[in-house]
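The values are calculated or read from the model by the stated rules, or taken from the named source; none is laboratory data. None of these values were measured; they are calculated from a predicted model. Every residue, glycine among them, receives a Cβ derived from its backbone with ideal geometry; neighbour counts consider all protein chains shown.
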Amino acid sequence: MWQRIMTTAYRSGCRAVNLGIVLQGCVARRVVRQAGGTGGSGEAARPFRSGQRGPRVGEVGSVSTPASGGGGVDGRGLRSARGSIMQNFWPAVIGRQFAAAIQTMRAAIEACPDELWDDRTEGSPFWHLAYHALYFTDFYLSAEERVFAARDYHRDKAHFLPGDYREFGGIVTTPEFAYRKDQLLDYADHCLRRCDETFGNLSDERALERCGFWWYELNVGEFLINNLRHAQHHAGQLALLLRRRADVGIAWLGTRDNRPPPPTW
C-alpha cells in the first residue's frame, strides 16, 4: 500500500501532491479493509482510469510472480517481513525515521565543543537551538497541549528562539543562563522514549483524527510527520553549525540504530 502512495505521488507530479491527502486516502482504505469492509482477499479491486496503465513488473506498485508455482507471491520470508511492517507501519517506518532525526540531534549535541556551546557572536547559541528543537519535539508528541508534562528544567519562554511574539508578551531573547550538555542529552533520550511510546500506540484510525492542537488543521498522522520535519530541520542546522564553526562532522543515520529493517522488496 505504501509503495502505491509513492507511485501515486510520482505520477501526479511530486511537487503538486498534498501528502496529507494521499495519506488520508490510503490509510482510510486500510482501515476499511481491517474492519472487514471488502471481499474475501481483504483488499478491494482498484480499476485503472481510462488511459492509465498499470505498473509493470519491477516498478513500484507491481507484484512479481515467481517462476515456480510454489512458495507464494514473493516467498514466505518476504511476505512475513512485508506483513509485519505494513501491520505496524507507523512505528516500523515513520517512528524509526522520527527517532533517527532525534538521534541526529543528540549526536550533534554530544559532539559540540565547549567553546561553541554558548557562543553568541552570531545570534542564538548552539544550546538554545538544540533546546528549542527538543522542546517542540517533546511538546508535539503529546496528544494535546493540556496533557504536556513539563520537565523540571523547563524555564518560561526559554523554548522560543529570539523574536517578537506578541501573543506571548512581546520580544523574547535568548536566556542569560545556558543549559548544560548533560541536560540536553537527557532531554534527547526523553524525546526518544516519547517517540517510541507515541508511535507504538498509533493506529490507522487515530492517525486520521484531528490533531489536538487547534492552531494546526492537520490529522494526527500528517501532524506527526510535520513534527518530524521540524526536528530534522534543526538537526541539519546544528550539523551545519558544527561543520562551519568547529569543523566537526556528524554521521548520517539511516534509521534510529542505523540498522536497516527487514526488506519488503
Residue list for the range 214-225, filter: without any contact (Cβ under 8 Å) to a residue 40 or more places away in the chain and in a helix (DSSP H, G or I)
Val220
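Kindly indicate whether Pro91 is surrounded by 16 or more Cβ atoms within 10 Å (Cβ to Cβ) and either of a type in the set (Lys, Arg) or at pLDDT 50 or above (or both).
Values: surrounded by 16 or more Cβ atoms within 10 Å (Cβ to Cβ): yes; either of a type in the set (Lys, Arg) or at pLDDT 50 or above (or both): yes.
Spelling it out, Pro91 is indeed surrounded by 16 or more Cβ atoms within 10 Å (Cβ to Cβ) and either of a type in the set (Lys, Arg) or at pLDDT 50 or above (or both).
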Output for the range 219-265, where each listed residue is modelled with pLDDT under 95 and surrounded by fewer than 16 Cβ atoms within 10 Å (Cβ to Cβ)
Ala251, Trp252, Gly254, Thr255, Asp257, Asn258, Arg259, Pro260, Pro261, Pro262, Pro263, Trp265
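Kindly evaluate Pro175 against the criterion of being out of contact with any Cys (no Cβ under 7 Å at 6 or more places or on another chain), under 22 Å from Ala251 (Cα atoms) and in contact (Cβ under 8 Å) with a residue 40 or more places away in the chain.
No: the conditions fail for Pro175.
Taking the condition of being at negative phi and not in a helix (DSSP H, G or I), how many residues in the range 108-125 meet it?
Step one: of the range 108-125, the residues at negative phi are 108-122, 124-125.
Checking the rest, the ones that are also not in a helix (DSSP H, G or I) come to 112-113, 118-122, 124-125.
Residues flagged as at negative phi and not in a helix (DSSP H, G or I) within the range 108-125 amount to 9.
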Which of (1) out of contact with any strand residue (DSSP E or B) (no Cβ under 8 Å at 6 or more places or on another chain); (2) in a loop (DSSP other than H, G, I, E, B); (3) of a type outside the set (A, V, I, L, M) does Lys157 not meet, given it meets every other one?
(1)
Please identify the pairs in which a residue from the range 120-135 that is free of Cβ contacts under 8 Å to residues at least 60 places away in the same chain has its Cβ atom under 7 Å from the Cβ atom of a residue that is small (Gly, Ala, Ser) and crowded, with 19+ Cβ neighbours inside 10 Å, counting only partners at least 6 apart or on another chain.
Leu134/Ala188
Within the range 118-149, restricting to residues that are surrounded by fewer than 14 Cβ atoms within 10 Å (Cβ to Cβ) and β-branched (Val, Ile, Thr), the one that is farthest from Ala101 (Cα to Cα) is Thr121
For Thr104, state whether it is hydroxyl-bearing (Ser, Thr, Tyr), in the same structural domain as Trp215 (by TED's automatic domain parsing), surrounded by fewer than 13 Cβ atoms within 10 Å (Cβ to Cβ) and more than 26 Å from Gly212 (Cα to Cα).
no
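If you go through the range 196-205 one residue at a time, how many are crowded, with 18+ Cβ neighbours inside 10 Å and either part of a loop (DSSP other than H, G, I, E, B) or touching a Ser or Thr at 6+ places or on another chain (Cβ under 8 Å) (or both)?
Initial filter on the range 196-205 (crowded, with 18+ Cβ neighbours inside 10 Å): 198-199, 202, 204.
Pick out the ones that are also either part of a loop (DSSP other than H, G, I, E, B) or touching a Ser or Thr at 6+ places or on another chain (Cβ under 8 Å) (or both) and you get 202.
The qualifying residues number 1.
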Here is a check on your reading of the model: is Asp247 more than 19 Å from the chain's Cα centre (by Cα), without any contact (Cβ under 8 Å) to a residue 40 or more places away in the chain and farther than 27 Å from Phe160 by Cβ?
yes
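Can Asp182 be described as assigned by TED's automatic domain parsing to the domain that holds Phe223, surrounded by fewer than 16 Cβ atoms within 10 Å (Cβ to Cβ) and part of a helix (DSSP H, G or I)? First the steps, then the outcome.
On the way: assigned by TED's automatic domain parsing to the domain that holds Phe223: yes; surrounded by fewer than 16 Cβ atoms within 10 Å (Cβ to Cβ): yes; part of a helix (DSSP H, G or I): yes.
When the stated conditions are applied, Asp182 passes them.
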In the range 155-173, how many are modelled with pLDDT under 85, surrounded by 15 or more Cβ atoms within 10 Å (Cβ to Cβ) and either under 20 Å from Asp186 (Cα atoms) or not assigned by TED's automatic domain parsing to the domain that holds Asp118 (or both)?
1
Would you mind finding the one in Glu176, Glu222, Glu197 that is over 30 Å from Trp117 (Cβ atoms), of a type outside the set (A, V, I, L, M) and in the same structural domain as Ala143 (by TED's automatic domain parsing)?
Glu222
